[in-house]
Structures are given as structure tokens and as C-alpha cells.
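K.L.:
Quick one: the structure is below, questions incoming.
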Amino acid sequence: MSRKFYITTPIYYVNARPHIGHAYTTIACDTIARRQRMLGADTFFLTGTDEHGQKIERAAQAAGKNPEELTTEVSSAFRALWDRMGLTYDDFIRTTSERHKRGVQALWRRIRDNGYIYKGTYTGQYCVFDELYVDAVGPGAPCPECGRPTETVHEENYFFKLSAFADKLLRLYTEQADFIRPETRRNEVMSFVRSGLRDLSISRSTFKWGVPVPDDPKHVIYVWLDALSNYITAIGYGSPEKADQQKFEKYWPADLHMIGKEIVRFHCVYWPAFLMAAGLPLPKGIVAHGWLLFEENKMSKSRGNIVRAETIVDVLGVDALRYFLLREIVFGQDGSFSFDALVQRYNADLANGLGNLASRTLTMITRYFRGEVPYPSSQAARTPADGAIAELATRAIAECSALFEQYQFSRALETAWGLVAAVDKYIVENEPWALGEKQDQHSLARLATILYTSAEALRIVTALAHPVIPDATAKIWAQMGLGEIKKFPLAELKWGQLPLGIKLGSVQAVFPRADKSAIERMQSMEEQQRSAAVAGATEAQAAPKPAGTGQFATQAAPTTAAPPAAPSKAAAAVPDGKISIDDFAKVELRVGQVKLAERVKGADKLLRLEVDLGTEVRQVVAGIAEAYAPELLVGRKVVIVVNLAPRKLRGLESNGMIVAASPDGGKPVLCGFLEDVPVGTRLK
Ligand code: MSP
């Protein structure tokens, strides 16, 4: 029987629409789930929405809706977005569903029957934003976690004997060092528990929006006990059905709860204590990641500084967002989001990196070997450089896999992209295009070895990167004639598996390059959303959380208004006779490499060129025949205006223009570089 792997995201509050902070957690989990499936694990990936509690009840009131309406609307928005992004969750739990309510009540009964629930009176402060009982003193005292004013609660409540679990919890953290990761979070939790645990109020009686306490429906169950239970109710806990019970037996305990750092206390203290009290097994591990910051603050609805995933998905695609979040941010630490950084990363690593490697390798195999992966040749046509790529790829597989196991996504991707860079260099240094023009046996054998080596390395990077960028890698895999990538057994990945002679599919670019206009489009889409949100805002502006401190902060944050949305940039004045940088950016200049050059019949000045731009090969007709012999141009790097409208010269379509200096009365001189520049690089 195959190994199982059960992974969960936090369930998201439905008082706010999804933003890329929520997407970040879900993408990280999706990546882990996809990788586990490729490794052969029977994987179960759970996500969902947290829909009860005072905060949601009030959000509904503020929006003039009943809670059922609001929760259904926002929960559907989360689910629709996850679907649109192709996230492969196996179940989506809503805490307002019957199956969940039944399960929470079953858990309550079990804890109560084991003697860990008693009735008492709670008098103290409550933070509705964090849905947390806090130690603040006096009406309106600021919440030690978020700085917002707390409310005084004086209620007869049910209490959970949390104090009885301090020693057991400390033992758990000590004996199972990887129960809480990273280490910094574990240390925070340990000192919190060491400072003493007081019993926890686990019911409320002054509002109704929650799961009724069994046998005492005047009370609703504390929203965090309700929410945390989703991890077991979704897989069948509390269900009378045999199939559900078997499912629970099969998947529980969870292998991984992935959370943001601000909810560590709930997951690492309360949740294991509830499970211990119920006599249920504990999750195997909890991993807390950092925050996504925008304009230096935690991205959140209350601060009004959110970026929506839809915008990025529309303009650059899902893979771009996934890759950026996992490559740019060191998992566990806070990281900043900016559109500039997103596009820069996209172009450098995806368009010019993996995308360019795929298109140039596959295009050359198509051109020189009729689209069939060539046989690497005999010893005579081998050089140490070929072996070095194979060795590097073997190391990359081992290192990348180990880093993924530790959820070090950024370093794992860095390792895989080290191979992309090495193969790029290998191709440039070995000039397969020059060999392709020769007809002798040795050149052909050498060309076969170079292209086989490049394609095999490409296959390996593609397999390693698949969990992170599933769409593009699935396309590259299919273009390589390898079928469905998600069925590939990742644990068996090694150098030399590329089937010789396999026929490639049609070659298409997977990551078209993005330019400045992509940034402007995304910024303006978000600005429009923000102004719409400000115009329709119903929620009061709230105080920002102290960045980087998480929920164990003891200092209250000063109450300041949320920063206004960034003003849209006014167009800078451009003096007469000048053009703005935006005008210049409209001209797309790229480095190309001449693959073929020949004279145009009946035209003394014209040459017909085929120029490789990395993602495609263009026909360009250029008036340079009097200055350059065609055979001297093959292999030469040139600069092409790639977004010029096509035009016909002597019946031949010219798709772009070659850039040359044209001295008065002299012959044209082609623009070139003293240093080596990769094919496809943009000039700006
Ligand atoms: N409903 C609770 C969780 C209950 S789990 C039993 C909750 N919801 S939340 O919607 O406020 O946030 C949930 C999670 O969304 C965070 O823990 C984090 O994983 C993710 N994020 C929300 N904003 C984020 C950032 N700005 N940055 C990174 N992650 C973010 O807390």
C-alpha cells in the first residue's frame, strides 16, 4: 500500500476576499501536494473557509447582509479563485456545513466526557479581530497582538482545562523537535507555554453565529475550537458513515499543517491540547511561514494594501505567481511583493531562463534532427563539458529534492536554475548552430551529443520544477513527447532516461517575455480595484499589526490610520523634440543569432536572414548584402527590432529589422556586442 500524505492550509476567514497572502499559503501547499503525488504518496490536500464567530457576524451586519449570504458569497469567491488557479485541493471544507458542525460537536462531547470541560464565569478582555481572549486590563484596552481596542466580556462560559496540558506540551516540543518549524517559532511557543497556561474559555453566549454547544444551545462553541476541528471533520471525524470513519483512520494524523506565523499559538498550543484531551493522535508537524508584505506592511484587507492573484494570473499566468512567491521569498521569513520584482524574476528566470532553454533546444532538434531526440555519439565526439552537465544534473536532483523536503523552496529552485544557467552556457560555448551548418560526420555527431545533453538537462529541470510551475512544465514535457508529467515517478528521476529517437511535439514558447507595459497593466488593475474598494468600503480602518512580531508580541502597537492607496503616477512632462522613456520602451530590441543568410534573387542589396530570437526563428530581409557576405553572418549575434509591423521586400515578408549604423555614403555596419549576450536578451 502506498504511503499517505495529508496536508492542510489554514481555513480562511470570509470577512475579506482572497489576496495573494492567502494564495501564498495555498500555493505552497499545492506545490507540496503535487510533489508528494509525483513521489507516489496517496495525498490528501485540504483547504476551506472559516465562517463563524463574532468577526464574521459583524462583517455581515456592516455589509447589510445576513451571515449565510456573506459567507456563501465569499467562500465561493475563494473556491472559484483556487479553481481558476488550478490548485489541486482534494476537499474544501466550510465550517458552516453540516458535516463540520456534527464533527465539532462530536469532538466537544469527547473532550467533555474525558473531563476537560467545566462551566465558569469569564470576565476579561476579548479581541474580536483576533478572536482571542487577551490579558489586557480595562474596557477598550489595546489588544497585545494587534493593537485594536478590546471588548469587555462578562459571561458564563464553558472552560477547557488547558492548564492541565503544559507539561505534556513541553514534552511534545522537546521530544519531537520538528513538531513546530521553523525553530524561531518553536522557541516562541515554548517560552509562551513555560510562562504558564491558564484555562481557556471555549464558548460564547452573547451572540449566535456559531456551532451550538451540545446539550446547551444557548452557547456557541469558541470559533477557534470550531475552526481547528476542520482538520479532522473534513476527513470524516464524527460521521456515522463507515466510509468516512475509514477515511479518518486512513489520513489522520495530518502530516503537515501549513500556517502563517500569526496563528502559531492556536495551532501549536490549543490544537494539540484539544487533541490530547480527546485522546486523538497529534499532527506530525506544523510549519509556519512568514508574511507577504506590500509597501512594507503585512498585506491585509484591513490595511487596504492587498494585491489580488487574479491580476497577476490575467497578465502573466499562474506559474509566474507561483514561481515568484516560492523563489523570491525565503520560506519562513517575511518577504516583500512588488510588480517590478515580479516581472524581473519572470523575465530572468522563466522567459529568458527555462523558456529560452526549452525553445532553443527543442527548435534545434526539430531543425537539425527532424524533431527526433538524437543519439549522443561515440567517445570521439564527446568532451568533458558534456560529462560536467550530466554530473551537475545528478547533483541538482539530489540537492533540490532534499531542499524541497525541508520546504526550502527558494533554495530548491535556485539549485534547479543553476542547471538551467549551466546548460545555457554550455550551448553558447559549444555553438551547435555552427555545427548544424556543417555536413561532416564529426560535426553531426558532436551536434547530436550537445543537443541530447541539453534536452536531457531540460527534462530534469522540468520534472524538478513541475510541482512549482505545473502548467509550463506540463507543456514542455508534452513538447518533448514524454506524455503526462504528473504521472512521472519523481523518485526515479536520474540522468539518462530521455528516450533516444523520441519524436518531439510542436515547439511553442511557454513564457512570452513581459515588458514594462505588463507592470503598468497590473498596477492599474489593482488601483482600480482599490478605488472601487475605498468607494464601497464598509469596514472601519483598523490599526496595523506590529510587523514581524507575530502573535507573541506583548507590546501594543500604536493606533494609526491605514496608509492610503498609492496615488497613480502623473505622466511626467516631456520637452519638445524628446520622447519619454515609455515611448522608448515601445520599441522592442532583442539580441538574435543569424542561423541562415542568403542573397535575394534579383536584389543586389538584400539578404534573407533567419534569426533565432530564443523563443522563435524570424525571417528578416535586410539591405546589407553589399557590406556582408552571407556566409560570414551565420552564427553572428545581431540586434533586431522585433515588434516592427511586417513588410514585404521583393515578395519576401520581413518580420523585424536588423539594427545597423549607416554612415553617410558608407556601407551599413551591424550593431553587435563585445561581451557575450544570451540570445533573446532585450535592449533597454
Ligand atoms: N481563519 C483563521 C485560520 C483558522 S485555521 C484553523 C485565519 N484566517 S485568515 O484568513 O486571517 O488567514 C489565514 C492565513 O492566510 C494565514 O495564516 C496565512 O497563512 C495566510 N495569509 C493571510 N495574509 C497573509 C499575508 N499577508 N502573508 C502571508 N500569508 C497570509 O487566520
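K.L.:
For a quick check of your reading: which strands (runs of 3 or more DSSP E) sit entirely within region 255-300 and have at least 3 residues that are near the ligand (Cβ under 9 Å from one of its atoms)? So that I can check it myself, show each step before the final result.
P.N.:
Values: elements: 256-260, 286-289, 292-294.
Passing ranges, in order: 256-260, 292-294.
K.L.:
Go through region 119-143 and count every residue that is of a type outside the set (D, E, K, R), part of a strand (DSSP E or B) and open to solvent by 60 Å² or more (accessible area, probe 1.4 Å).
P.N.:
Restricting attention to region 119-143, the residues satisfying the condition of being of a type outside the set (D, E, K, R) are 120-129, 132-134, 136-143.
Next, only the ones that are part of a strand (DSSP E or B) stay: 120-127, 132-134, 142.
With the extra rule that they be open to solvent by 60 Å² or more (accessible area, probe 1.4 Å), the set shrinks to 121, 123, 142.
Counting residues in region 119-143 that are of a type outside the set (D, E, K, R), part of a strand (DSSP E or B) and open to solvent by 60 Å² or more (accessible area, probe 1.4 Å) gives 3.
K.L.:
Restricting to region 312-365, count the residues that are charged (D, E, K, R) and not in a helix (DSSP H, G or I).
P.N.:
Pass one, region 312-365, residues charged (D, E, K, R): 314, 319, 322, 327-328, 334, 340, 345, 349, 360.
So of that shortlist, the ones also not in a helix (DSSP H, G or I) come out as 334.
Going through region 312-365 one residue at a time, the tally reaches 1.
K.L.:
Same structure again: Consider only pairs whose beta carbons are under 8 Å apart and that are at least six residues apart or on different chains; among these, list those whose first residue lies in region 357-381 and is of a type in the set (Phe, Trp, Tyr) and whose second residue is surrounded by fewer than 18 Cβ atoms within 10 Å (Cβ to Cβ).
P.N.:
Here the result reads Tyr375/Leu500; Tyr375/Gly501, each pair linking region 357-381 to a residue that is surrounded by fewer than 18 Cβ atoms within 10 Å (Cβ to Cβ).
K.L.:
To continue, here is another question. Within region 144-154, count every residue that is under 23 Å from Ser300 (Cβ atoms) and in a strand (DSSP E or B). Steps first, please.
P.N.:
As a first pass, look at region 144-154 and keep what is under 23 Å from Ser300 (Cβ atoms): 144-151.
Applying the additional criterion that residues be in a strand (DSSP E or B) yields 149, 151.
So the answer is 2.
K.L.:
Let me ask you something else. Hey, among Arg102, Arg84, Arg3, Arg34, which residue is touching a Pro at 6+ places or on another chain (Cβ under 7 Å), away from the ligand (no atom under 15 Å from the Cβ) and either at negative phi or not hydrophobic (A, V, I, L, M, F, W, C) (or both)?
P.N.:
Numbers: Arg102 fails: touching a Pro at 6+ places or on another chain (Cβ under 7 Å); Arg84 fails: touching a Pro at 6+ places or on another chain (Cβ under 7 Å); Arg3 fails: touching a Pro at 6+ places or on another chain (Cβ under 7 Å).
None of the other options fit; the residue is Arg34.
K.L.:
Just to be sure before I move on: is Asp440 charged (D, E, K, R) and within 20 Å of Gln479 (Cα to Cα) in the structure I sent?
P.N.:
Values: charged (D, E, K, R): yes; within 20 Å of Gln479 (Cα to Cα): no.
No, not satisfied.
So that you can scan it fast, the table gives a plain yes or no per residue for (1) within 20 Å of Phe409 (Cβ to Cβ); (2) open to solvent by 30 Å² or more (accessible area, probe 1.4 Å); (3) within 16 Å of the ligand (Cβ to nearest atom):
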site	(1), (2), (3)
Phe44	no, no, no
Gly48	no, no, yes
Gln61	no, yes, no
Glu68	no, yes, no
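K.L.:
Any idea how many residues of region 96-124 are within 40 Å of the chain's Cα centre (by Cα) and touching a residue at least 24 places away in the same chain (Cβ under 8 Å)? Even if it seems obvious, please write down each step before you answer.
P.N.:
At the first step, the residues of region 96-124 found to be within 40 Å of the chain's Cα centre (by Cα) are 96-111.
This time we only want the ones that are touching a residue at least 24 places away in the same chain (Cβ under 8 Å), so: 96, 99-111.
Of the residues in that region, 14 qualify.
K.L.:
Since Asp167 meets every condition but one in (1) under 26 Å from Arg109 (Cβ atoms); (2) acidic (Asp, Glu); (3) in contact (Cβ under 8 Å) with a residue 12 or more places away in the chain, which condition does it not meet?
P.N.:
(3)
K.L.:
Could I ask something else about it? Considering each residue of region 471-506, count those that are farther than 24 Å from Met364 by Cβ and crowded, with 21+ Cβ neighbours inside 10 Å, and give that number.
P.N.:
Number of matching residues: 1.
K.L.:
Determine which single condition Ser377 fails, assuming it passes every other condition in (1) modelled with pLDDT under 95; (2) more than 18 Å from Leu498 (Cα to Cα).
P.N.:
(2)
K.L.:
Among the residues of region 202-243, count how many are in a helix (DSSP H, G or I) and either closer than 15 Å to Tyr126 by Cβ or more than 29 Å from the chain's Cα centre (by Cα) (or both).
P.N.:
Total meeting the criteria: 5.
The values are calculated or read from the model by the stated rules, or taken from the named source; none is laboratory data. Treat the numbers as computed from the prediction; the structure is a model and nothing was measured. Every residue, glycine as well, gets a Cβ built from its backbone with ideal geometry; the counts of neighbours run over all protein chains shown. Accessible surface is based on the protein model in full, side chains and every heavy atom, while ligands, DNA and RNA are left aside. Shrake-Rupley method; radii C 1.70, N 1.55, O 1.52, S 1.80 Å.
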